[in-house]
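Some notes on the structure that comes next.
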Amino acid sequence: MSLRVGARASRPRPSSGLLLLGLLLLPAVVAQVSADPEEGDGDLQCMCVKTSSRVHPKHITSLEVIRAGLHCPTSQMIATLKNGKKICLDPHAPIYKKIIKKLMKSKPPTD
């Protein structure tokens, strides 16, 4: 019985499954890296899936309005409540429509 000593004998070969996994993940990594940096943090989707129209304005401490754009076809309103919870408001509710109109007039678009 003879043992071969050398660099070839001590180096493990990568499994074909691991190599295949790497090749499959490569396009996902390339797509993530090549995202447009001007789109903010890279989230190209609506943040508000569920909305509420039953939050009284006195419970809101801050309000973020995200205009409709490539990332989402509708305006989004994200309210931070006094208890720290964030909730999406229905931008079509009459009370919030007035707030959106007022905010949109006061802030020029940054596009």
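Here are a few things to note about the model shown:
- Inter-part distance, segment 48-67 to segment 70-85, computed on C-alpha centroids, equals 6 Å.
- Available extension along the chain between Cys72 and Lys50 is 6.5 nm, counting 0.36 nm per residue and deducting the alpha carbon span.
- For segment 54-65, the Karplus equation 6.51 cos²θ - 1.76 cosθ + 1.60, evaluated at θ = phi - 60°, returns couplings of 10, 9, 6, x, 5, 8, 8, 9, 8, 9, 10, 10 Hz by residue, with Gly and Pro reported as x.
- All lysines inside 23 Å of Lys101 as judged from Cα atoms, apart from same-chain residues fewer than 8 positions distant: Lys50, Lys58, Lys86
- Projected label points at Leu63 and Lys98, each 7 Å from Cα along the beta carbon direction, are separated by 1.0 nanometres.
- Local net charge near Cys88, Cβ-Cβ under 13 Å (Lys/Arg +1, Asp/Glu -1): +2
- Neighbours of Thr51 by Cβ distance under 15 Å: Lys/Arg scored +1, Asp/Glu scored -1, total +3.
- The packing ranking, built from the mean of other Cβ atoms within 10 Å per residue, places the peptides 71-83, 49-61 in the order 71-83, 49-61, highest first.
- Full extension of the chain segment joining Leu81 with Ser106 gains 6.7 nm, where the gain is 0.36 nm per residue of separation less the Cα-Cα distance.
- Placed amide H near Ser52: partners under 5 Å, 5+ positions off or other chain: Cys88, Leu89, Asp90
Laboratory data are not the source of any read-out in this text; all were calculated from the coordinates shown. Keep in mind the model is a prediction, meaning the values are calculated, not measured. We place every Cβ from the backbone using ideal geometry, glycine too, and count neighbours over all the protein chains shown.
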